[in-house]
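Here, each number is a calculation from the coordinates, and none is a lab measurement. What you see is a predicted model, and the numbers here were worked out from it, not measured in a lab. Counting neighbours? That spans all protein chains shown, and the Cβs are built from the backbone with ideal geometry, glycine included.
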Amino acid sequence: MKHSPEIKKRVLELHKLINLHSHNYHSLDTPTIEDQEYDALFKELLELESNYEDLKYSHSPTQRVGDKPLDGFKKVEHLAPMLSLDNAFDSEDMLDFNKRVLERLLEDKFVQYSCEPKLDGIAVNLSYRNGNLEKATTRGDGKVGEDITHNIKTLNSIPLSLIDKRNSYPDFIEIRGEVFIRKEDFVLANKEAEIKGEKTFANPRNAAAGSLRQLDPAIAASRPLNFFAHGIGYIEIGEFELPKTQSALLKLYNSWGLPVNPLASIAPDIEGCQSYFLDISKKRDTLPYEIDGVVFKVDSLEKQISLGQVSRAPRWAIARKFPAEVGITIVKNISFQVGRVGSITPVAEFEPVNIGGVVVSHASIHNFDEIERLDVREKDTVRIKRAGDVIPQIISVDISKRKKGSRKIKMPEICPSCRCLLVKPEGEAILRCTAGESCPAQKIESFIHFVSRNALNIDGLGERIIELLVEKGLVSNFSDLFKLEQEDLLGLEGFAEKSAANLISSIETSKATTLPRFIYSLGIREVGEATALNLALNFKEIPNLLKASEEDLLDINDIGPVASNYITEFFTQERNKNLIEDLMRLGVNPKSIEVNNDNMLSSQSVVITGSFNSIARSQLKEELIRVGARVTSSVSSKTDFLVAGDKPGSKLSKAQDLNITVLDEEAVLKILNT
Ligand code: IVH
């Protein structure tokens, strides 16, 4: 169909409206429109685009997740090279850098710098033509990168069209920045991947890189990717006037709706840079993302041009790196561990070494490919890195110190626990034992999960005791735990009268659990806590769940075909049905959770922060859901209540800024009990 000018105008207006509201919601956390209104705008645009194919622009907000995975990555030459940075490792290096800058600029006694945290993420280039995102590429070798537009479009915080009231943009601009994953999201994503039996990532940077190097944009869309803009590449300026400084450029980016690091600041001279560095060093561990240093850039863009570049790095910028939290030690042995769903992870044990005040003696090596890449062997001297909250990693092997006769680590063929043949699914990096429950290691891991804090929460039943119980044949499936008697424990290493009685009593207490905890404890693949809660709310009682068909499950929000398949498979297996029956017979009595709709917190949006004295956070969350509250993770103007425990952190100040009612532990428990 041919469109009229009015229709085109409306389409462009819809782009603007949707982009603006989406920016307010996703980047500023201050929604400016009701969800239904937003959906209506979106629907209107979709309809127009389906009626008029030529009005379906690639930068339309409907195109955030394209529909088809690509066949391969296109190589794209950068219009201006993506440079790297020279490094400074101490204040002397910084003074030398400043001296070089001053000498080249001749007239200056001092020079102002833009100071920015150096994010440990993935450098990307965003090309905007007339304010619309045209292409996104990776850095590649600095000259040629790969086209990742399909993935970048899934980041809600990256505007598809720049936001400017006067509609004034350069004709074309390359905006450079960093894509990253927050530390907390990285840990959650790996936990989730573990539960789903998927590949986990070694660190947040790899997770971000892995998400961008996907042909299917749905994968990037499902990952918590963030972006900070920090630089500029090629530009066709047109009528536009560019700011004079890097710091003003960052402000401009921000006004266009691009996220920039809020910790970016200006130092009037090199001394100011040194104090900025100290300040950021102190904050480093508390930052939600990983940084590996600070970048200092001559603030004046004109001076940057006159300073120019040498080979691959500009003369006007330097990265002051944090002292590496690295230690050198010797590998004692490399063994293979079996996870709950059979994934085999290599683990290196080494001579304990103190890295930045923490003694480290183990590192999990990501997968077998990583062993091959590092070519790490037993008795090797290795460099170990400890980064923030993340598990220690072997960075490299010192081959010159390798002992004669050392042997390459062979890929295991059989499971170290049950000795069955391992499989390596085509295209996957993970080796897997498929013996399930009959593999002792997997059995022990599933017991550990069954009794864990967010599952049945059996106090005092740690890994070592579970191993003993399984080894001695005292427990073989979950129901055996509830048949244990004090005498059985007394025969075990480390148990005395009192400790045995305590454990029996906590096993007894755990029988009065809740349905979501119970479902979660069963360790069904793809069923994490959120899914378990969803199942409990929808099916109310176990017999209903046992009868649920895949269609019934697919009707539930958040449950997809893969999960529904695992769930029905689990509940139709005779062995599992018997297990559940036995557990009930032995007194395990999961309470259904009823949504009680007449509580003050029913249908309210609630965020929980901090720690609590008389109730576990997970339990508090459950209780809130039970009264029909929507428990979300971040504070926005849509939040009705913030429940703040001890050490509430930044969520509390944000809630106060937004005038959101804050409830303390006592108040929330009182409301929940009414
Ligand atoms: S500026 C010409 N600013 O560090 C200047 N880079 O080692 C090029 N990085 O590839 C980069 N945070 O991926 C700049 N605030 C920041 C940065 C930053 C992280 C990364 C970037 C670059 C690498 C250079």
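Details
- Nearest-20 debye value, the chain charge dipole, Cβ charges on Lys, Arg, Asp, Glu: 1540 debye
- Our summary gives the stretch 483-567 a relative contact order of 23 percent, counting only alpha carbon pairs under 8 angstrom and 6 or more residues apart.
- Ordering 148, 219, 195 by the number of other Cβ atoms within 10 Å of each residue's own Cβ, fewest first, gives 219, 195, 148.
- Along the axis of the charge dipole computed for the chain (Cβ charges of +1 for Lys and Arg, -1 for Asp and Glu, origin at the Cα centre), the listed residues 561, 535, 207 are led at the positive end by 207.
- Label separation (residue 354 vs residue 579): 4.6 nm, computed from points 7 Å beyond Cα along the C-beta direction.
- Taking 4.7 Å between C-beta atoms as the pairing limit, the chain has these partnerless cysteines: 115, 273, 420.
- Contact order relative to length of the stretch 278-377, as percent, for alpha carbon pairs under 8 angstrom and 6 or more apart: 17 percent
- Between residue 148 and 136, 137, 138, the built amide H atoms are under 5 Å apart, and every one of these is 5 or more places off in sequence or on another chain.
- Relative contact order (%) - criterion: Cα under 8 Å, at least six apart; region: the chain: 10 percent
- Here each label is just a point 7 Å from Cα along the line to Cβ, and for residue 241 and residue 213 those points are 4.5 nm apart.
- Estimated FRET transfer efficiency (residue 284, residue 100; beta-carbon r; R0 30 Å; 0.05): 0.65
- Taking other C-beta atoms within 10 angstrom as a stand-in for reagent exposure, 181, 232 fall in the order 232, 181, fewest first.
- When the chain is described by a simple charge dipole with +1 on each Lys and Arg Cβ and -1 on each Asp and Glu Cβ, the residue from 336, 133, 642 located farthest towards its positive end is 336.
- Modelled label positions at residue 378 and residue 164, each set 7 Å beyond Cα in the direction of Cβ, lie 6.5 nm from each other.
- Estimated dipole of the stretch 308-448 in Debye, rounded to 20 [Cβ of Lys and Arg +1, of Asp and Glu -1, Cα centre]: 660 debye
- A helix-only calculation puts the chain at -10500 deg cm²/dmol for mean residue ellipticity at 222 nm, using -39500 (n - 2.57) for each DSSP H run of at least four residues, averaged over all residues.
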